[in-house]
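Student: Structure in structure tokens, see below.
The numbers here are math on the coordinates, done by the rules we state, and not lab data. Not measured: the values here are computed from a predicted model. Cβ atoms come from the backbone with ideal geometry, glycine included; neighbour counts cover every protein chain shown.
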């Protein structure tokens, strides 16, 4: 990691907030249980534009790591569990590697970087698959009825986690494609076109 300028840190903060905001707004569909497995798809599409714009500001390894640290902290604080940490580490390492491979000047690499980054959104569901009993107890402790939890979990059969990861990848690819079309002039100015 290089030493970041104040402008780099401000960009990382502002774009992290924009991307997080779109993730959380997209996550509001969680109030409709049968839509919950589609959150990574929808958030991937929704956050594509701010992520792609953010890539025009990234010039060195580490800025995505700052963003992911903010993501992991906020998702931990909001009760998504410790599984966000390995998910975030895997996602950001892959995203940083892909972006660096394109030397921070390639739209193609920026798109694939976002696909890797959005893997994180599927890891928020991992407790449903590998720690269902403790998650149920935690949710009951927060006041959720066992009946509602049962309905919600019925949309997450054991085979569903790879499907959720695939939805996250597809959503990010669509979001990156939309973002790159919408932001063509910004990519020109950043020397990526």
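Student: What helices (runs of 4 or more DSSP H), lying completely within segment 1-88, carry at least 1 residues that are free of Cβ contacts under 8 Å to residues at least 12 places away in the same chain and loosely packed, with under 15 Cβ neighbours inside 10 Å?
Tutor: Of the helices (runs of 4 or more DSSP H) lying wholly inside segment 1-88, those with at least 1 residues that are free of Cβ contacts under 8 Å to residues at least 12 places away in the same chain and loosely packed, with under 15 Cβ neighbours inside 10 Å span 6-26, 63-77.
Student: Among helices (runs of 4 or more DSSP H) lying entirely in segment 106-176, which contain 1 or more residues that are without any contact (Cβ under 8 Å) to a residue 40 or more places away in the chain and surrounded by 14 or more Cβ atoms within 10 Å (Cβ to Cβ)?
Tutor: Answer list for segment 106-176: 107-117, 126-130, 132-141, 146-153.
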